[in-house]
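As structure tokens, the structure follows; a few thoughts come after it.
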Amino acid sequence: MRFDIFTLFPGIFESPLRESMLKRSIESGLLEVQLHNIRDYAEGRHQVTDDYPYGGGGGMVMKPEPVFAAVEAVLGVETTTPIVLLTPQGRVFNQQVAFELAQHDRVALICGRYEGFDERIREHLATDEISIGDYVLTGGELAALVVVDAVIRLRPGVLGDPTGAIDDSHAGGLLEYPHYTRPPEFRGWGVPEVLLSGDHARVDRWRREQALRRTWLRRPDLLERAELTEAEQAWLRQLTQEWTRKISE
Ligand code: ADE
């Protein structure tokens, strides 16, 4: 999968792409990241990429010409490649959006700086706008790295274990069950007996119940969209009733 990243600060991407999973994905040819410096496409001696906002007010705005020029030089004018603007005004990034992007073999990411983009970039160049959360970063670069990281691990061959992404927190709409590894006892804290039982059916049931319980406790909002069986829904209703009874005692 190839990402074309348009940025004023390509240096930000250097070390994250040189470590761990991203590095390995690049080395094995599963990931290609091409960084394009928007400033290289700015006209004039000073290669200006920002300007004052029409109508006044504080802050600077990213000019449209260098951004259009950069994207069109790399992708061409007619392209089917998704062009994603990283902005706190975008739809909020989640596992579902990561899956959606992972279906494409090529994705372009445009990172903003300054107070914002000229609206014409949003309207006539970008095909999608993504925010990584309800907070404002100094630019879209860290957001782009989050997107690349979350998306690339969903591509076949990137994770050592091909089922690795299936049980992920959020993959089935639930948080993941708790994990344990050796030793079986650490500072007096044991491991749930079921995990040592070797009974795979029991382990699966326990994990599912833990995932449901954990999601119910920590992120009940996720349960509204999770795929649950009738029995699971009944069990969650029962949990809620028990809980309400307990707190009203
Ligand atoms: N640029 C600045 N803040 C951002 C955010 N929360 N998500 C994506 N891009 C951003």
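The values are calculated or read from the model by the stated rules, or taken from the named source; none is laboratory data. Bear in mind that the values here come from a model prediction, so they are computed numbers and not experimental data. For neighbour counting, all protein chains shown are included, and Cβ atoms are generated from backbone atoms with ideal geometry for every residue, glycine included. Accessible surface areas use protein heavy atoms only, side chains included; no ligands, DNA or RNA. Shrake-Rupley method; radii C 1.70, N 1.55, O 1.52, S 1.80 Å.
Within region 239-249, how many residues turn out to be more than 12 Å from Trp216 (Cα to Cα) and either assigned to a helix (DSSP H, G or I) or modelled with pLDDT of 90 or more (or both)?
Number satisfying all stated conditions: 7.
Return the total of residues in region 70-84 being within 17 Å of Asn37 (Cβ to Cβ), surrounded by fewer than 18 Cβ atoms within 10 Å (Cβ to Cβ) and of a type in the set (Val, Ile, Thr).
1
Criterion first (open to solvent by less than 20 Å² (accessible area, probe 1.4 Å), farther than 24 Å from Arg155 by Cα and not hydrophobic (A, V, I, L, M, F, W, C)) does Thr87 satisfy it?
Taking the combined requirement at face value, the residue satisfies it.
Between a first residue in region 115-135 that is of a type in the set (S, T, N, Q) and a second residue that is assigned to a strand (DSSP E or B), which pairs have beta carbons less than 6 Å apart while being 6 or more apart in sequence or on different chains?
Note: pairs meeting the criteria are Thr127/Ile83; Ser131/Pro88; Ser131/Gly90; Ser131/Val92.
Here is a check on your reading of the model: is Leu159 more than 16 Å from the ligand (Cβ to nearest atom) and either at pLDDT below 95 or under 25 Å from Ser28 (Cβ atoms) (or both)? Spell out how you get there, then give the answer.
On the way: more than 16 Å from the ligand (Cβ to nearest atom): yes; either at pLDDT below 95 or under 25 Å from Ser28 (Cβ atoms) (or both): yes.
Criteria met by Leu159.
Got a number for residues in region 108-134 being part of a loop (DSSP other than H, G, I, E, B) and more than 13 Å from the chain's Cα centre (by Cα)? Quick ask: steps written out before the conclusion?
Going residue by residue through region 108-134, those that are part of a loop (DSSP other than H, G, I, E, B) are 112-115, 118, 125-127, 132-134.
Keeping just the survivors that are more than 13 Å from the chain's Cα centre (by Cα) gives 112-115, 118, 125-127, 134.
Counting residues in region 108-134 that are part of a loop (DSSP other than H, G, I, E, B) and more than 13 Å from the chain's Cα centre (by Cα) gives 9.
Residues Arg187, Arg218, Arg213: which one is among the basic types (Lys, Arg), exposed (fewer than 12 other Cβ atoms within 10 Å of the Cβ) and touching a residue at least 12 places away in the same chain (Cβ under 8 Å)?
On the way: Arg187 fails: touching a residue at least 12 places away in the same chain (Cβ under 8 Å); Arg213 fails: exposed (fewer than 12 other Cβ atoms within 10 Å of the Cβ).
Among Arg187, Arg218, Arg213, only Arg218 is among the basic types (Lys, Arg), exposed (fewer than 12 other Cβ atoms within 10 Å of the Cβ) and touching a residue at least 12 places away in the same chain (Cβ under 8 Å).
Do you know which residues across region 115-141 are open to solvent by 100 Å² or more (accessible area, probe 1.4 Å) and modelled with pLDDT of 95 or more? Give the derivation first.
Keep residues of region 115-141 that are open to solvent by 100 Å² or more (accessible area, probe 1.4 Å), which gives 115, 120, 123-124, 134-136, 138.
Selection gives Arg120, Glu123, His124, Asp134, Tyr135, Val136, Thr138.
Collect the residues in region 142-156 that are open to solvent by 10 Å² or more (accessible area, probe 1.4 Å) and more than 11 Å from the ligand (Cβ to nearest atom), keeping them in residue-number order. Talk me through it step by step, then tell me what you get.
So in region 142-156, the residues open to solvent by 10 Å² or more (accessible area, probe 1.4 Å) come out as 142, 145-146, 149-150, 153-156.
Selection gives Asp149, Ala150, Arg153, Leu154, Arg155, Pro156.
Residues checked against (1) touching a Pro at 6+ places or on another chain (Cβ under 9 Å); (2) open to solvent by 60 Å² or more (accessible area, probe 1.4 Å); (3) of a type in the set (A, V, I, L, M):
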{"position": "Arg24", "(1), (2), (3)": "no, yes, no"}
{"position": "Leu31", "(1), (2), (3)": "no, no, yes"}
{"position": "Gly44", "(1), (2), (3)": "no, no, no"}
{"position": "Met60", "(1), (2), (3)": "yes, no, yes"}
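In this structure, does Val67 turn out to be surrounded by fewer than 14 Cβ atoms within 10 Å (Cβ to Cβ), among the hydrophobic types (A, V, I, L, M, F, W, C) and modelled with pLDDT of 95 or more?
On the way: surrounded by fewer than 14 Cβ atoms within 10 Å (Cβ to Cβ): no; among the hydrophobic types (A, V, I, L, M, F, W, C): yes; modelled with pLDDT of 95 or more: yes.
When the stated conditions are applied, Val67 does not pass them.
Filter region 1-16 down to the residues that are of a type outside the set (Ser, Thr, Tyr), surrounded by fewer than 16 Cβ atoms within 10 Å (Cβ to Cβ) and over 24 Å from Gly76 (Cα atoms) and list them by number.
Across region 1-16, the qualifying residues are Gly11, Glu14.
Just the residues that are within 12 Å of the ligand (Cβ to nearest atom) and out of contact with any strand residue (DSSP E or B) (no Cβ under 8 Å at 6 or more places or on another chain), please, taken from region 115-141.
Thr138
Would you point out which residue out of Ala165, Ala226, Ala144, Ala150 is modelled with pLDDT under 95 and within 30 Å of Ser28 (Cα to Cα)? Reasoning before the result, please.
Numbers: Ala226 fails: within 30 Å of Ser28 (Cα to Cα); Ala144 fails: modelled with pLDDT under 95; Ala150 fails: modelled with pLDDT under 95.
On inspection, the qualifying residue turns out to be Ala165.
Which ones in region 92-114 are open to solvent by 30 Å² or more (accessible area, probe 1.4 Å), touching a strand residue (DSSP E or B) at 6+ places or on another chain (Cβ under 6 Å) and more than 9 Å from the ligand (Cβ to nearest atom)?
Arg106, Tyr114
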